[in-house]
Amino acid sequence: MIRVLVADDEPLITAGIRTVLASAPDIEVVAEAGDGRTAVERAVSHRADVALLDIVMPVLDGLGAVDELRRRAPAVRCVLLTAFGAESHVLRALEYGAAGFVLKNCEPGELIRAVRAAHQGDAFLSPQVTRLLLGTIGAGRVGRRQEAAGRLARLTAREREVLGLVAEGLSNAQIARRLHMTEMTIKTYVSRVLAKLDCANRVQAALLSRDAGPHP
C-alpha cells in the first residue's frame, strides 16, 4: 500500500481528495493536516510514502513543507496540489524537489496517477503544467543556457540520450522500449544522470536539459 498524507487548509478539499484516493486499491490515506507545519510532523510520524500538499497553507506553505521534508524525511515524495497555474509556482516547486504538481481541477484519475508515479520515483505533471513548462525558456532562462550546457557535458553520450527522452516526458518503461533496453537498465541510467547533474528528480533534470537547448 502507498501511504499518503493529505494537507490542505480547506476540509472540503481534503475530504474530496480522500474519497478519490480511497477508490484506488493500492493507496491508503494515513494522515491529514490543515497547515504545512502539521503536515511535516504527521508525514514523519506516520511514515508516509507520499505527501500531497496544497501550496497555499497557513503556518508553513507547501513549498516550505517540501523543503523541510527533503531535510527531515528525504524518502517522502511530495506532490503539490494547487488551484494556481502560475509558472513561477511550478518552477519553484520543482526546484524545491517536488515529485509532482497537479492542479485542483484535474481529473480524479490524474491525482491517483500522480501519487503512484511519485511513489515509484518518477515525476508527474498535469498536462496543463507540462504546457507551461514547454514555454519556460524565455529571456529569463536564456542566461542559464551556458551553465546548463556545462553540467550536461558531464554525461556520456548514452546518458545524454536517456536524458533527452526524459525531457520528452517518457517514463522509464517507454524509454526502455525506445532504446531496446530493460527498464532496470534505464532506471540505473536515470539515477546516474540525476547524480551527475545534482538534480533531486527527473523533472529538474528535464528542465536543465531544456535550459541547455538542443544537444546530440
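The values are calculated or read from the model by the stated rules, or taken from the named source; none is laboratory data. In this text the structure is predicted, and so the values were computed from the model without any measurement. Here the Cβ is made from the backbone with ideal geometry for all residues, glycine too, and neighbour counts use every protein chain on show. Ligands, DNA and RNA are stripped out before the accessible areas are found, and what is left, the full protein with its side chains, is counted by its heavy atoms. Shrake-Rupley method; radii C 1.70, N 1.55, O 1.52, S 1.80 Å.
Computed values, structure above
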item: Hits in the range 154-180 (condition: over 19 Å from residue 116 (Cα atoms) and open to solvent by 50 Å² or more (accessible area, probe 1.4 Å)); result: 154, 156, 157, 158, 161, 168, 177, 178, 180
item: Verdict on residue 97 being out of contact with any Phe, Trp or Tyr (no Cβ under 7 Å at 6 or more places or on another chain), modelled with pLDDT of 80 or more and open to solvent by less than 70 Å² (accessible area, probe 1.4 Å); result: no
item: Subset of the range 37-83 [under 18 Å from residue 201 (Cα atoms) and among the small types (Gly, Ala, Ser)]; result: 51, 62, 64, 65, 73, 75
item: Yes/no for residue 205 being in contact (Cβ under 8 Å) with a residue 40 or more places away in the chain and within 24 Å of residue 74 (Cα to Cα); result: yes
item: Scan of the range 130-155 for residues that are modelled with pLDDT under 65 and under 16 Å from residue 203 (Cβ atoms), ordered by number; result: 130, 131, 132, 133, 134, 135, 136, 137, 141
item: Those helices (runs of 4 or more DSSP H) lying entirely in the range 156-216 with at least 1 residues modelled with pLDDT of 85 or more; result: 157-167, 172-179, 183-197
item: Pair list, Cβ under 8 Å, 6 or more apart: the range 1-18 residue closer than 14 Å to residue 103 by Cα and among the aliphatic types (A, V, I, L, M), other residue open to solvent by less than 50 Å² (accessible area, probe 1.4 Å) and assigned to a helix (DSSP H, G or I); result: 17/111
item: Residue match in the range 33-41 (condition: under 20 Å from residue 122 (Cα atoms) and within 18 Å of the chain's Cα centre (by Cα)); result: no
item: Failed criterion for residue 26 (all others in (1) without any contact (Cβ under 8 Å) to a residue 40 or more places away in the chain; (2) open to solvent by 10 Å² or more (accessible area, probe 1.4 Å); (3) touching a helix residue (DSSP H, G or I) at 6+ places or on another chain (Cβ under 8 Å) hold); result: (1)
item: Test: residue in the range 41-56 that is touching a residue at least 24 places away in the same chain (Cβ under 8 Å), open to solvent by 10 Å² or more (accessible area, probe 1.4 Å), farther than 22 Å from residue 15 by Cα and touching a helix residue (DSSP H, G or I) at 6+ places or on another chain (Cβ under 7 Å); result: no
